1. Which residue out of A:G451, A:G423 is more than 7 Å from chain B (Cβ to nearest Cβ), more than 16 Å from B:A76 (Cα to Cα) and buried (at least 24 other Cβ atoms within 10 Å of the Cβ)?
2. Got a sec? Which of A:A157, A:A204, A:A175 is small (G, A, S), touching a residue at least 24 places away in the same chain (Cβ under 8 Å) and surrounded by fewer than 24 Cβ atoms within 10 Å (Cβ to Cβ)?
3. Would you confirm whether or not the stretch A:94-107 contains a residue that is over 24 Å from the mean Cα position of the chain (by Cα) and outside any loop (DSSP other than H, G, I, E, B)?
4. Looking at A:T323 and the list (1) away from every other protein chain (no Cβ under 14 Å); (2) of a type in the set (V, I, T); (3) buried (at least 22 other Cβ atoms within 10 Å of the Cβ), which single condition is not satisfied?
5. Could we say that A:V245 is outside the structural domain of A:Y42 (by TED's automatic domain parsing), under 22 Å from A:A294 (Cα atoms), of a type outside the set (K, R) and surrounded by 24 or more Cβ atoms within 10 Å (Cβ to Cβ) here?
6. Output the number of residues of the stretch B:59-68 satisfying the condition of being surrounded by 17 or more Cβ atoms within 10 Å (Cβ to Cβ) and more than 9 Å from chain A (Cβ to nearest Cβ).
7. So A:G307 clears everything in (1) within 20 Å of A:G340 (Cβ to Cβ); (2) free of Cβ contacts under 8 Å to residues at least 12 places away in the same chain except one condition, right? Which one?
8. Kindly evaluate B:L118 against the criterion of being within 22 Å of the chain's Cα centre (by Cα) and facing chain A (nearest Cβ under 7 Å).
Amino acid sequence: MTERPLATTDGASTASRGPWTQRPGWMSQHLGTAIIGGIIGYLFGHWLGNAVSSNYANIVNSGQNSIADALALIFGVVGWLLGIGALNYPLAKLAGRQPGKETEVQGWSKYFRYSTNHKTVGLQYVVGVLLFLFTGGLLAMAIRTELLSPTTHFFSADTYIKIVSEHGTIMMMMATSIVVGPLGNYLVPLMIGSRRMAFPRIEAFSFWIFVAGYMVIFSALPYGGFPTGWTGYAPLQTQAGPGMVSYLFGFAVIGMGMMAAGFNIAVTIINYRAPGMTWSRLPIFVWSILATAALLTLATPTLFAAGLFGLLDKTAQTAFYVTEHGGSSYLWENLFWFFGHPEVYIMALPGFGIVGEILPVFTRKPLFAYKVGAAGMIGVSLLSFFVWQHHLFQSGINPDMRPLFMLTTELISIPTGFIYLVGMGTLYKAKIRFEIPMLFAMALYFNFLIGGVTGVFLSDVPVNVTVHGGFFVLSHFHYTIMGGLLFAFMAGLYYWLPKMTGRMMNKKIGLWHFWTMFIFFNLTFFPMFIIGLLGQPRRVFTYAKNLQGLNDFSSVSAFLLGVSFLIFFFNLVWSLYINPKKAPANPWDSLGLEWQTATPVPAHNFDRIPVILSDPYHYSEADAPAVADLGDDDRVPVTSSHDGSGAA
Amino acid sequence: MNETHHLRRMTTIWVVLSVAADLLFWFLVGPHVPPGRMTDTAKANQFDFNVLFVIALPVLIGVWIYLAYAITVWSAKRGGPDPVGGESARTNRTAQVAWITITSVVVIFLAGFGTVALVADHGSGGGEGPNPVWSPAGAIQAETAALAGRGTWSPNSNQVLPVQVIGQQWKFTYRYPTFGGFESTQLILPVDTTIAFNVTSLDVIHSFWAYQLSVKADANPQINDVAYTKTTQTGQFTVRCSELCGIWHGSMYNYGNVVPQQKFLQWAQSTEAANAANTKNLPPFAWTYVPDANGASGGYYPDGTATPYSTVETYGAKQPAS
């Protein structure tokens, strides 16, 4: 695949910079140098930590030194970033020197480098999130194995709780990026008619720090794990061993990536829309990514700060969360959920965007109530900041606020309902084509409905007394995140991979994947509502004997759900490498701007910045008008994407 | 087929199925829905669950019927793109307004209903923290008297019984301030009595979940989390920890019993007498306890000045002069 070099990233035109040069192999930075940098940083940090804190009595007594652990991880991440080349540009600028020329490497090795091309980053993210997903999924299999029997234990109680914690944390962190990372980075510029993201270096940074965060969180396991679940409640957090350091710092690292990604995407959508791409012509997927980016930017700093407070408690003997010394365990609960609830919508909104984008294509109808749908997404993201205390209904904090938080929580189902209005209106009298992406999109409507309705039960304080902290809530959020977001992600992958890779996914294997995933997802998680109502708390390694039947049913279904992911991975390998079939230019007959460019997408996306003429949902007209004027050869090409194209 | 036919057909199916499902649920399943009817709170919370379910079922059925109808009636023949034009491609303002209005009305009704249920049922068995705002009659007097060591409880007196729940890794223990503050691993309660659970923790956050009583209150160190319920039936109930509290969280459960009042009095008095020597070595009864300077390996001391309804004073731990 031949690509032209990427546009310079500071806005100057390519021509003024002279030719692009390839750095000699030994000087170029890639995954290998990043790993070396990470290891050197880790060892240095560990040595430094031991050197500065070796007089502390607690080290003598416990054999553990969380200062060394924390510094090792911090320097490890810095070494990783140095190794991949993320800091070349800022360091050169800091030193007052003009940064050297940056090279966009051609060929497959660009995927292992600090690439500032949004399409490369998008594909890097695809592999990254799938790796994350696969790791978390394996841990889920381990959980369901343990729960096969209340009396025969496959793992010790200690190992089990660490598996549960690692599963939750990895999945949550994966789910924040699963759509925004791969599809958001790849598609947003193509959909809004831009040649690139606003801050390509920050974009590359967000990916490579995401990978570092994954490794930091995973490092908890060799450190001995952490026993707190993904919620990390103090004082258990304060009490926990060195694995907790990985959790706290891992959140901070991933948080940096989330803030960077959110900021970059929001600025791109606001400022880099092509001429004519008015707000009312913006694809619904871009609306959802904008709402998500706003949440990422505004909510994540709370998590970042909360994680650092915890890290200080564990290393520098501060007492943010230590009640005996004047701190408060409620502080963590509030900070965590003040991030944590917007986080839930970070994991829901992109899914709504994907199905909103897919439905018109496969129903051959305009998107119903587009404006209400966009308003719904903005409404959800605003309201999501005012509901966090519903996680604390039984925690003992200010009871008089409960009616208020019950109201705000239930209000959020109004804008969420808009998404159903959009979907059902679009299906009305449609000509539905049941391609794989459409099946996954319709499955979202089925699954998320159950997740949403059970959410209303949870928000009702009297009912919450029974369902809080049990398998009911566990099933509820798996229905929304896995049944919603993950199904939407699969819809998006099947839909856009032909654009991203130039190859079609196999439909027959895809059907097997869809049906096994849909059926076994429901068979795994639906019994958990009943298990929860019958009194099984979350995160337990043992349970009442009379619940074994339901738990076994759920476990066996979960294993088969795992098989459906193997089918998916097989389909990926089969369709992309073993038996690749070239994708048509526009396999789904979509009107979306992203399908109007060549495949593979040229480095600059568009030869000239397109002029947007209409929204991309004019499916009702037999001869739909062109969505954009992509430019004719006899026109003067627009050379810069910085032409004040902010649109009307 | 014109527009009204589709909608009329779907509406008919929806009404029939919804009414049938709601009736079946309400009369067949409803009375057996957890947490049962062992206390006033359990009964009220079961009623709330059933009301929500009866509202939720038509919503679920409505969307499912619509999806099923769309899949069977509106699927396309194989072949190229087949654009849908005309009236059905337009955005229908009436449908939008109706949708938004109906969802808003349902949601606001549910919030109002939940609030009324919560307030009328004295916090619905949830932990209200150290400053409960929905206390049943007589609760504050009983709690204040109990803390001062002047609490009394006798059968048929309609008095509120304060019980302290102490979460610790990894068990619950219970103190009975009206009976000299003895501590037990058994949770025995009198029937037809309003119980004020005072839930606290010695280490990390636990959650006291008396499943059949429909009581759930987080146990926070140095916080007194108060929850109320009124027992109405005798029998056994399960207590589980429902907040992750470390390695043995899964095995942090035991069973309690609601017994006739006279039987409870006998048990309480005999346990008080049998435990008298041990009780003397316990920290004096208080709503919260703090570890001494040696941490959990040392002793626990009560916060002597704390009252059940002061958040401020629960923080001011008083350690005895060494």
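1. When all the criteria are applied, what remains is A:G423.
2. On the way: A:A204 fails: surrounded by fewer than 24 Cβ atoms within 10 Å (Cβ to Cβ); A:A175 fails: surrounded by fewer than 24 Cβ atoms within 10 Å (Cβ to Cβ).
Within the list A:A157, A:A204, A:A175, the selection yields A:A157.
3. Initial filter on the stretch A:94-107 (over 24 Å from the mean Cα position of the chain (by Cα)): A:94-107.
This time we only want the ones that are outside any loop (DSSP other than H, G, I, E, B), so: A:94.
Looking through the stretch A:94-107, at least one residue is over 24 Å from the mean Cα position of the chain (by Cα) and outside any loop (DSSP other than H, G, I, E, B).
4. (1)
5. Working: outside the structural domain of A:Y42 (by TED's automatic domain parsing): yes; under 22 Å from A:A294 (Cα atoms): no; of a type outside the set (K, R): yes; surrounded by 24 or more Cβ atoms within 10 Å (Cβ to Cβ): yes.
Spelling it out, it is not the case that A:V245 is outside the structural domain of A:Y42 (by TED's automatic domain parsing), under 22 Å from A:A294 (Cα atoms), of a type outside the set (K, R) and surrounded by 24 or more Cβ atoms within 10 Å (Cβ to Cβ).
6. Number satisfying all stated conditions: 3.
7. Answer for A:G307: the failing condition is (2).
8. It is true that B:L118 is within 22 Å of the chain's Cα centre (by Cα) and facing chain A (nearest Cβ under 7 Å).
The values are calculated or read from the model by the stated rules, or taken from the named source; none is laboratory data. Since we're looking at a predicted model, the values are computed, not measured. Neighbour counts are summed over all protein chains in view; Cβ atoms, including those assigned to glycine, are modelled from backbone coordinates with ideal geometry.
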